[in-house]
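Peer 1: Okay, here's the structure, questions in a sec.
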Amino acid sequence: MTHASSPSSLHDIVSCMSDYDPHALPVTKAQDIIAQFITPVQAIEKLAIRQALGRVLATDIVSGIDVPAHDNSAMDGYALNGSDLPATGVRDVRIIGTAFAGRAYHGDVGAGECVRIMTGAVMPASCDTVIPQEFTVNASDDQVGIPAGKVRTGDNRRLKGEDLANGKTALQRGKILRPADLGLLASLGVAEVPVQRRLRVAFFSTGDELRSLGEPLDEGCVYDSNRYTLYGMLSRLGCDMIDMGVIKDDPAELEAAFRSACENADAIITSGGVSVGAADYTKQIMGKLGDVAFWTIGMRPGRPMAFGKIHSQGKSAYLFGLPGNPVAVMVTFYFFARQALLHMMGADAAPLPLIPVISKTAIRKRPGRTEYQRGILTTNTNGELEVSVTGSQGSGILRSMSEANCMIVLQHDQDQVSAGDKVTVLLFDGML
Ligand code: AMP
Ligand code: MG
């Protein structure tokens with residue numbers, strides 16, 4: 001979502017909402033507030049097209065040429081004028097020359113004549129049709145038989161500019177460049193493109209119980225896994241990352257970490273410390289450093305989340321305080337942070353597509369919150385897509401995410417799901 005002018009504070013945004021309740025905020029409302037508060041970063045760099053893969057295009061690219069530059073053949077065969085196609089039987093026509101890709105035939109082609117032509121070769125003047133080689137009969141060096149009914153006038157001719165016409169917009173700003181786009185840019189002869197600079201995202205984990213890899217796992221402690229899932233998700237978005245490690249539940253350490261993150265990054269993502277537990281100074285420090293809302297979101301997993309903008313030494317950064325539970329971190333990242341980061345990058349990112357599929361089993365669900373279950377999508381013997389849940393769905397069970405190939409999204413108002421009902425899913429991976 002884009003907004004002409006960005007409101008100055010979260011308070012301004014929520015005061016325009018009729019039924020804003022930070023303690024029971026529906027997912028869509030939270031997404032809306034975030035979209036209204038975020039503004040894109042403004043900085044552009046020029047990159048060679050290979051380096052631009054996965055980056056956000058910063059200006060429209062207008063084609064300076066026609067692609068293809070000439071009418072040309074889509075097949076190996078014989079170019080002729082459509083008026084020479086017989087209505088019945090077979091007509092023998094004289095072969096007067098050959099057109100190769102990159103080497104045109106420049107002579108005139110008259111009635112009863114044709115030119116042997118290769119795929120990609122420029123169409124000779126006065127030819128508008130190509131009959132593929134395999135449809136012809138009795139071909140010799142200087143004559144070929146054209147049977148009736150195989151092609152119509154204009155067939156197998158690629159038209160000048162049919163891929164991209166000179167002066168037309170080939171790619172729009174905000175597009176995240178995919179392999180096809182690199183090829184398209186090359187087809188226009190474009191070697192360099194302006195892209196948005198990478199977003200800098202600082203992230204750290206909070207909690208006295210967290211141990212980093214390589215440290216001994218003391219009693220009651222767990223390895224910090226959230227920084228690794230965050231690393232993976234941020235890498236895929238193409239962010240520059242500042243991994244700040246584990247920060248203890250200590251006010252001075254937390255404040256120093258938030259300030260440093262704020263001074264060096266566009267956005268900060270933390271995990272843990274935003275629920276109602278004691279010994280959590282995280283929320284206190286977040287609140288002290290800026291304009292931060294603490295939400296309980298109508299979702300599962302997830303629920304607690306902090307969002308806002310903090311300031312230090314004249315610098316500011318958007319803040320996403322995600323919950324600590326490993327599945328909750330991923331779900332809140334995908335459904336809140338991801339879209340916001342793409343918006344900050346200047347990317348024109350449509351919401352992720354939800355696909356309706358059949359649920360293989362019953363799923364417990366009550367209306368009033370959005371639930372994200374981890375699913376395995378398969379194709380049944382009728383060729384239909386169906387989904388089943390990946391066993392235990394606890395918000396601490398990261399294995400459920402690892403085993404899943406999709407997220408089952410059960411909407412806010414949805415009630416119980418029976419086996420055979422339709423549910424919506426979001427695929428984790430498309431074509432990589
Ligand atoms: P919190 O939101 O800080 O109350 O944490 C909720 C749960 O998530 C606790 O069981 C934490 O131990 C766990 N947790 C928090 N941060 C991490 C992390 N970085 N890696 C793995 N588990 C975590
Ligand atoms: Mg904690």
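Peer 1: Of (1) in a helix (DSSP H, G or I); (2) closer than 30 Å to Ala58 by Cα; (3) within 16 Å of ligand 2 (Cβ to nearest atom), Asp181 satisfies all except one. Which?
Peer 2: Result: Asp181 fails condition (3) only.
Peer 1: Would you be able to tell me the number of residues in segment 102-124 that are of a type in the set (A, V, I, L, M) and either closer than 15 Å to Asn156 by Cα or in contact with a Phe, Trp or Tyr (Cβ under 8 Å, 6 or more places away or on another chain) (or both)?
Peer 2: Residues meeting the conditions: 6.
Peer 1: Now a separate question. Could you list, in sequence order, all residues of segment 395-417 that are closer than 25 Å to Thr28 by Cβ and small (Gly, Ala, Ser)?
Peer 2: Selection gives Ser395, Ser400, Ala404.
Peer 1: Please enumerate the residues belonging to segment 205-231 that are more than 16 Å from ligand 2 (Cβ to nearest atom) and either in a strand (DSSP E or B) or farther than 18 Å from Leu322 by Cβ (or both).
Peer 2: Answer for segment 205-231, where residues must be more than 16 Å from ligand 2 (Cβ to nearest atom) and either in a strand (DSSP E or B) or farther than 18 Å from Leu322 by Cβ (or both): Leu213, Gly214, Glu215, Pro216, Leu217, Glu219.
Peer 1: Take the residues in segment 388-402 that are assigned to a loop (DSSP other than H, G, I, E, B) and not β-branched (Val, Ile, Thr), then tell me which one is modelled with the highest pLDDT.
Peer 2: Checked segment 388-402; the qualifying residue modelled with the highest pLDDT is Leu398.
Peer 1: If Val56 meets every condition in (1) under 30 Å from Leu341 (Cα atoms); (2) over 41 Å from the mean Cα position of the chain (by Cα) apart from one, which number is that one?
Peer 2: Val56 satisfies all of (1) under 30 Å from Leu341 (Cα atoms); (2) over 41 Å from the mean Cα position of the chain (by Cα) except (2).
Peer 1: Give the residues of segment 335-359 that are assigned to a loop (DSSP other than H, G, I, E, B), in contact with a strand residue (DSSP E or B) (Cβ under 6 Å, 6 or more places away or on another chain) and closer than 18 Å to Gly238 by Cβ, sorted by residue number.
Peer 2: Met345, Gly346, Ala347, Leu352 - these are the residues of segment 335-359 that are assigned to a loop (DSSP other than H, G, I, E, B), in contact with a strand residue (DSSP E or B) (Cβ under 6 Å, 6 or more places away or on another chain) and closer than 18 Å to Gly238 by Cβ.
Peer 1: Would you call Ala30 surrounded by 14 or more Cβ atoms within 10 Å (Cβ to Cβ), assigned to a strand (DSSP E or B) and of a type outside the set (Asp, Glu)?
Peer 2: no
Peer 1: Any idea how many residues of segment 268-282 are small (Gly, Ala, Ser), at pLDDT below 90 and either more than 8 Å from ligand 1 (Cβ to nearest atom) or touching a helix residue (DSSP H, G or I) at 6+ places or on another chain (Cβ under 6 Å) (or both)?
Peer 2: So the count comes out to 2.
Peer 1: Then there's this: Which ones in segment 209-220 are touching a residue at least 24 places away in the same chain (Cβ under 8 Å) and either among the β-branched types (Val, Ile, Thr) or surrounded by 13 or more Cβ atoms within 10 Å (Cβ to Cβ) (or both)?
Peer 2: Scanning segment 209-220 gives Leu210, Arg211.
Peer 1: Looking at Ala139, is it away from ligand 1 (no atom under 16 Å from the Cβ), among the hydrophobic types (A, V, I, L, M, F, W, C) and either without any contact (Cβ under 8 Å) to a residue 40 or more places away in the chain or in a loop (DSSP other than H, G, I, E, B) (or both)?
Peer 2: Yes: the conditions hold for Ala139.
Results for (1) aromatic (Phe, Trp, Tyr); (2) under 30 Å from Ser235 (Cα atoms); (3) in contact (Cβ under 8 Å) with a residue 40 or more places away in the chain, shown as yes or no for each residue.
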residue: Gln51; (1), (2), (3): no, yes, no
residue: Ile65; (1), (2), (3): no, no, yes
residue: Gly82; (1), (2), (3): no, no, yes
residue: Arg103; (1), (2), (3): no, no, no
residue: Val115; (1), (2), (3): no, no, no
residue: Val151; (1), (2), (3): no, no, yes
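Every residue, every condition in (1) under 24 Å from the mean Cα position of the chain (by Cα); (2) within 24 Å of Gln339 (Cα to Cα); (3) hydrophobic (A, V, I, L, M, F, W, C), yes or no:
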{"site": "Leu159", "(1), (2), (3)": "no, no, yes"}
{"site": "Ala170", "(1), (2), (3)": "yes, no, yes"}
{"site": "Arg173", "(1), (2), (3)": "yes, yes, no"}
{"site": "Leu177", "(1), (2), (3)": "yes, yes, yes"}
{"site": "Gly189", "(1), (2), (3)": "no, no, no"}
{"site": "Glu215", "(1), (2), (3)": "no, no, no"}
{"site": "Ile242", "(1), (2), (3)": "yes, yes, yes"}
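Peer 1: What number of residues in segment 309-325 are more than 15 Å from ligand 1 (Cβ to nearest atom) and buried (at least 22 other Cβ atoms within 10 Å of the Cβ)?
Peer 2: So the count comes out to 4.
Peer 1: Moving to a separate point now. Looking only at segment 283-314, count how many residues are within 16 Å of ligand 2 (Cβ to nearest atom) and touching a helix residue (DSSP H, G or I) at 6+ places or on another chain (Cβ under 8 Å).
Peer 2: Matching residues across segment 283-314 total 9.
Peer 1: Is at least one residue of segment 161-184 surrounded by fewer than 18 Cβ atoms within 10 Å (Cβ to Cβ), touching a residue at least 24 places away in the same chain (Cβ under 8 Å) and either under 23 Å from Pro132 (Cβ atoms) or touching a His at 6+ places or on another chain (Cβ under 8 Å) (or both)?
Peer 2: yes
The values are calculated or read from the model by the stated rules, or taken from the named source; none is laboratory data. Note that the structure is a prediction, hence the values are computed from the model and not measured. Glycine also receives a Cβ, built like all others from the backbone with ideal geometry; neighbour counts cover every protein chain displayed.
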